Each structure stands twice: as C-alpha cells, then as structure tokens.
C-alpha cells in the first residue's frame with residue numbers, strides 16, 4: 001500500500017493536475033491582473049474583457065480576426081539585401097534578424113495580405129512589434145510599396161496597422177530613407193484616388209509616425225496606444241519637467257487634433273467596413289457575422305492558426 | 001579665441017605656444033621669435049593635415065558640430081542676393097530654427113530654406129540650436145508650395161541635430177509636420193537641391209532633404225540617429241558613440257557609396273571652420289552645378305525621377 005499511496009498516486013495526481021492547468025491557457029492582464037482564459041482572450045482579440053487593456057496581437061492573428069471568415073491571402077514582399085552595412089553592435093545584425101525570425105516565425109516586421117472585410121475588398125498590412133520592435137527597414141519599405149502597388153492594381157483601399165519603435169538603426173541611413181520611400185507609396189494611393197486608412201496601435205513612434213503613419217486619409221488609434229515622435233524620456237530630459245498624465249497616448253492625440261478616432265479593437269472591423277464603403281461610394285455594409293465566402297471565390301485561402 | 005575639439009588637444013598646444021611667442025614678441029620688440037614660431041606653425045600644419053587626413057566617423061561628427069563652422073545664415077548671406085525672409089506657418093507661429101524665403105542665386109530667383117543653429121548664446125537660444133518645431137516644418141512646406149506654384153527651384157541647407165523633442169512640439173504634431181514636409185518634397189515639380197553643411201539629424205533633416213540631388217560637405221554627417229542615441233539603445237552605454245558612429249555609416253563618403261548623397265564637397269584642411277569663405281564658395285559652386293544639371297528637366301519628369309530615386313533605395317544592390 002505504501003508504494004501505491006506514496007509513489008503511484010502522487011504521480012497520477014501530478015499528471016492530472018498538469019493537464020488541468022497548463023500555463024499557456026491562462027494569461028494575466030498586465031493592466032488589471034485578471035486571469036484570462038485563452039479562448040476568451042482570443043475572442044476579444046487580445047484585449048482584456050474586464051479593463052479593455054489592448055495587448056499585443058501578432059499580425060496573423062489580427063488578420064484572422066479582421067478578414068471575413070479569417071481568410072486572406074498573403075502578398076509576397078521582395079526581400080532586400082541582407083545587412084548591407086555589415087552592422088554590428090553587441091550582436092551582429094544578421095543574428096538579431098535570425099532570432100527575430102525564429103521568435104515570430106515571420107520574415108520581417110510587416111505582413112501584407114489581401115482579402116475581404118464585410119465583403120469589401122482591401123489590402124492590409126500590419127506591423128509586428130515583436131519583430132525587432134517593429135522597426136522600419138528596407139523590408140518594411142518594400143512591404144508598404146508592395147501593398148500600395150497591390151491596392152492600386154486591384155483598385156481597392158489600403159488599411160495599415162502601424163506598430164514600431166521607429167526606424168531600424170541596423171540599416172543606418174537606408175532605414176531613414178524609408179521615410180521618403182514609403183511616402184512615395186502613399187502618394188501612389190492618393191493619386192489613384194484610393195483610401196488609405198492608418199490604424200495606429202501601441203506603440204507607434206519615431207520615423208514611422210513621422211512618415212506613413214501620419215499621412216492617412218483617416219487616422220484611427222487603438223485605446224491608450226503610445227503615439228509619438230520623440231520618446232517621453234528624451235522630452236523630459238530636454239525640457240526638465242514631468243509630462244502630464246496620458247501624454248502621447250491615443251486619447252491625448254485625439255484631443256490635440258492628430259487623430260480622427262480612437263476605437264476599441266473589437267469594433268475596428270465594423271468601423272473600417274463602414275468608413276471604407278462610404279469612401280468608395282459603395283452600398284451600406286451588411287452587419288453581423290457573415291458566412292464564409294464560397295470556396296471558388298477564394299481559391300488561395302491561406303488562413304493559418306496563430 | 002579658437003574653439004578646439006577634444007582630439008585637437010595636441011594642436012591647441014602647438015598653436016597656443018606659437019601664439020604665446022608672438023604675443024611676447026609684440027611686447028618686447030627686440031625679441032626675435034619668428035623662426036621659432038614659424039617652426040611651430042609648420043608643425044601645427046603637419047599635425048592638422050594628419051588629423052584631418054583620416055578622421056574617424058566619430059571625429060567627423062564632432063567636426064560637423066563644430067561651433068565655428070559656417071551656418072545656414074552665413075551661406076545665405078554670402079551666396080544669395082535679395083534674400084527676403086518669409087515667416088510663419090499661417091497656423092501658430094514663426095519658427096526661428098528654420099530660415100527661409102525668396103532670394104536670387106546667381107541671378108536666378110529661388111526659394112531657399114535651411115536650419116540655423118545660431119553662433120552665440122543669444123542666437124542659439126533664439127534659433128533653438130537649429131532644432132525645429134512643427135511650425136518650422138510647416139513653414140518649409142508652405143515655402144516649397146510657393147516655389148512649386150511660381151516655378152522656382154528650391155535650395156535647402158540642412159544642419160540640425162534633429163527635430164525638437166518638446167512637449168508643445170509633440171502636441172502640435174511634430175510627426176505630422178515632418179511627414180507633410182517630406183511629402184511636399186516629393187510632390188513639387190521644380191528642382192530641389194539639398195546640401196548638408198553639418199549635421200543631418202534623422203527625420204528633422206529628411207523633411208527637406210528628400211531632394212533631386214543631395215550634396216554633402218566633406219565632414220558632414222547624415223544619420224538615422226545620433227551616435228550617442230544609438231549607443232544608448234544598442235550598447236546600453238552612451239559612451240560607446242565611437243563604435244556607433246562607425247557602425248552607422250554616417251559619413252559623407254559612405255553615403256556617397258550608398259547612393260544617398262550625389263556629391264561630396266571638399267573642405268579646407270582642418271575643416272570648414274578654418275576656411276569659411278572657401279567652403280561657402282565651394283558650396284555655391286556645387287549648388288550652381290547641380291541646378292544647371294536639372295535646368296532643362298520638366299516638372300513631371302523631375303517628380304518621377306525623384307520618386308524613383310527613393311523607390312530604388314532597397315531594391316538595388318548596395319556595395320560599400
């Protein structure tokens with residue numbers, strides 16, 4: 001009996017208890033501390049149902065929630081020359097890239113896709129803050145150009161979800177040159193008379209804010225997103241005073257006239273559909289859950305589990 | 001009184017000694033020091049040539065920031081006639097960190113815009129050390145628009161450590177102002193020539209350096225972030241600015257190889273501040289040459305070529 005009660009039973013218990021609560025099923029909201037079950041969190045698109053805190057959401061998960069039936073097809077982005085400056089700080093740039101690729105399973109910090117939202121054809125690109133801080137280098141530049149070209153070719157709007165610390169220092173001046181470069185991409189859309197909507201997510205700062213993220217026809221931000229040119233610490237050091245509460249947050253920018261709207265992530269799709277259809281002088285949207293499009297309509301269905 | 005940079009310490013000693021000898025001789029006319037002083041001068045010249053012959057990227061940053069370097073105002077006064085400053089962004093204020101207006105450049109009416117850092121305490125404060133606020137960029141946008149409507153070429157003189165990181169600047173849309181100025185650069189159907197005369201600091205510089213042709217002075221720099229800022233972030237130690245300056249490839253010579261700069265304008269031995277008039281003249285000649293090269297281009301072609309120039313940065317192979 002000893003052997004059974006002292007060894008077998010605990011072993012069995014431990015197997016069961018491990019099955020009952022694997023760590024990854026629960027996420028603690030960093031803002032209010034509520035434990036959130038993974039299904040609940042996913043249904044709320046990584047926002048906290050109790051305090052509305054918006055957590056990071058990877059581009060693929062965002063697209064799954066955004067596009068009708070979670071179906072979208074990725075638009076290929078040309079890969080630029082890797083590490084043209086042979087940049088090395090404490091780590092080599094190619095090693096940093098390799099780590100980021102491994103961590104995110106993505107090629108770089110921007111994902112481009114096309115599909116339908118509320119039966120409205122769009123091209124979307126989303127920046128990935130978990131890939132080297134979402135930083136804008138030549139790949140991100142290529143991605144935005146590919147997105148703009150695709151939107152122009154398909155005569156449909158472009159929706160861009162920004163999230164970045166700024167330009168990618170490891171590409172030196174070539175990253176800075178992505179500011180004018182992506183501006184050219186925005187101009188292609190404007191000249192084609194197509195809507196360009198920017199959704200600013202947490203955080204959007206530096207050279208990204210000072211180029212394509214502030215050139216939208218309409219600017220929508222997620223609640224409490226940090227949106228800035230200069231970092232808070234740099235400003236405090238320069239002016240030697242404490243900055244007001246909520247400084248550089250979405251609501252503060254809305255008050256100062258830099259944004260059109262601040263919208264909860266779970267309401268973003270409906271709002272985008274409505275705005276885009278009006279801008280495209282299209283019929284009013286059909287609200288509510290739409291059935292998946294017919295198979296033959298979307299032969300390149302490429303939705304993946306995030 | 002000459003300002004010396006930290007790496008010019010040896011030079012300061014030699015030049016100081018020569019000056020001391022000459023001062024002594026002025027007081028005692030019977031003393032003959034000229035041979036000795038001349039020997040020191042020769043030694044100083046040799047050291048100067050040696051130091052400036054192979055400036056490291058970090059030293060170039062220091063030279064680019066040298067307080068005695070000619071600034072935008074000096075170039076405008078020397079190279080332009082009938083300079084008529086135009087002020088204000090029509091929304092909020094006039095930003096003194098950015099100068100701009102109508103002028104004649106070698107008889108040609110043009111619009112000139114540039115960052116001015118100031119040359120002493122009062123003017124530096126007035127100019128906010130050349131760090132512009134949104135109003136400055138909006139003024140630049142307005143002036144570029146004016147140039148476009150009246151078909152005047154635009155010449156921009158870039159010299160800033162960056163856009164001003166202040167509370168009001170953020171509240172009034174620093175990012176948007178820079179983005180719009182950059183956008184305007186890419187929209188105007190007139191020649192746009194930019195010259196970096198000192199520091200080309202990140203977005204604050206791009207806002208009017210997205211040009212048809214970019215010239216850089218030999219010891220000027222152009223970078224996505226200051227070496228100190230980069231070191232603080234990537235090395236977690238702002239004292240690693242030498243390494244950062246090296247890694248960022250921010251010198252005029254590297255930028256020419258990267259096809260970001262079209263032309264490097266040589267500076268006198270010892271830097272622009274040791275030959276201000278010669279430097280200004282060389283910049284004038286460079287601008288004239290670049291303008292001449294674009295004189296026959298039509299507006300639509302200029303815009304198309306300018307856009308292609310930037311679109312190609314990321315597509316074509318890069319050799320350093």
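The table that follows gives values for the structure above.
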item: Some residue of the range B:213-223 being on the phi < 0 side of the Ramachandran plot, in contact with a strand residue (DSSP E or B) (Cβ under 7 Å, 6 or more places away or on another chain), surrounded by fewer than 22 Cβ atoms within 10 Å (Cβ to Cβ) and part of a strand (DSSP E or B); result: yes
item: Yes/no for residue B:226 being in contact with a helix residue (DSSP H, G or I) (Cβ under 6 Å, 6 or more places away or on another chain) and touching a residue at least 40 places away in the same chain (Cβ under 8 Å); result: no
item: Residue in the range B:189-200 that is surrounded by fewer than 24 Cβ atoms within 10 Å (Cβ to Cβ) and more than 7 Å from every other protein chain (Cβ to nearest Cβ) present; result: yes
item: Considering residues of the range B:171-184 that are facing chain A (nearest Cβ under 7 Å) and closer than 26 Å to residue B:61 by Cβ only, the residue surrounded by the fewest Cβ atoms within 10 Å (Cβ to Cβ); result: B:182
item: The range B:309-320, residues that are exposed (fewer than 12 other Cβ atoms within 10 Å of the Cβ) and out of contact with any helix residue (DSSP H, G or I) (no Cβ under 8 Å at 6 or more places or on another chain); result: B:316, B:317
item: Search result, residues across the range B:165-174 that are modelled with pLDDT of 95 or more and assigned to a loop (DSSP other than H, G, I, E, B); result: B:172, B:173
item: Any chance residue A:239 is more than 7 Å from chain B (Cβ to nearest Cβ) and more than 14 Å from the chain's Cα centre (by Cα); result: no
item: Unique match (being under 26 Å from residue B:314 (Cβ atoms) and without any contact (Cβ under 8 Å) to a residue 24 or more places away in the chain) among B:261, B:247, B:252, B:210; result: B:247
item: Test set (1) within 19 Å of residue B:115 (Cα to Cα); (2) touching a helix residue (DSSP H, G or I) at 6+ places or on another chain (Cβ under 7 Å); (3) not in a loop (DSSP other than H, G, I, E, B) - residue B:63 fails condition number; result: (2)
item: Single match in B:258, B:311, B:294 (criterion: over 21 Å from the mean Cα position of the chain (by Cα), within 14 Å of chain A (Cβ to nearest Cβ) and farther than 25 Å from residue B:6 by Cα); result: B:311
item: Members of the range B:230-255 that are within 19 Å of the chain's Cα centre (by Cα), buried (at least 19 other Cβ atoms within 10 Å of the Cβ) and assigned to a helix (DSSP H, G or I); result: B:245, B:248, B:252, B:254, B:255
item: Hits in the range A:179-225 (condition: within 7 Å of chain B (Cβ to nearest Cβ) and within 17 Å of residue B:201 (Cβ to Cβ)); result: A:179, A:180, A:207, A:209, A:210, A:211
item: Options B:277, B:272: the member that is surrounded by 13 or more Cβ atoms within 10 Å (Cβ to Cβ), more than 14 Å from every other protein chain (Cβ to nearest Cβ) and farther than 26 Å from residue A:138 by Cβ; result: B:272
item: Exclusive hit being buried (at least 24 other Cβ atoms within 10 Å of the Cβ) and over 21 Å from residue B:79 (Cβ atoms), set B:147, B:140, B:132; result: B:132
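Matching residues to (1) surrounded by fewer than 15 Cβ atoms within 10 Å (Cβ to Cβ); (2) without any contact (Cβ under 8 Å) to a residue 24 or more places away in the chain; (3) touching a strand residue (DSSP E or B) at 6+ places or on another chain (Cβ under 8 Å):
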| residue | (1), (2), (3) |
| --- | --- |
| B:21 | no, yes, no |
| B:29 | yes, yes, no |
| B:40 | no, no, no |
| B:43 | no, no, no |
| B:48 | no, no, no |
| B:57 | no, no, yes |
| B:86 | no, no, yes |
| B:93 | no, no, no |
| B:98 | no, no, yes |
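The values are calculated or read from the model by the stated rules, or taken from the named source; none is laboratory data. Note that the coordinates shown come from a computational prediction; the quantities given were computed from them, not determined experimentally. Virtual Cβ from ideal backbone geometry, glycine too; neighbours counted across all protein chains shown.
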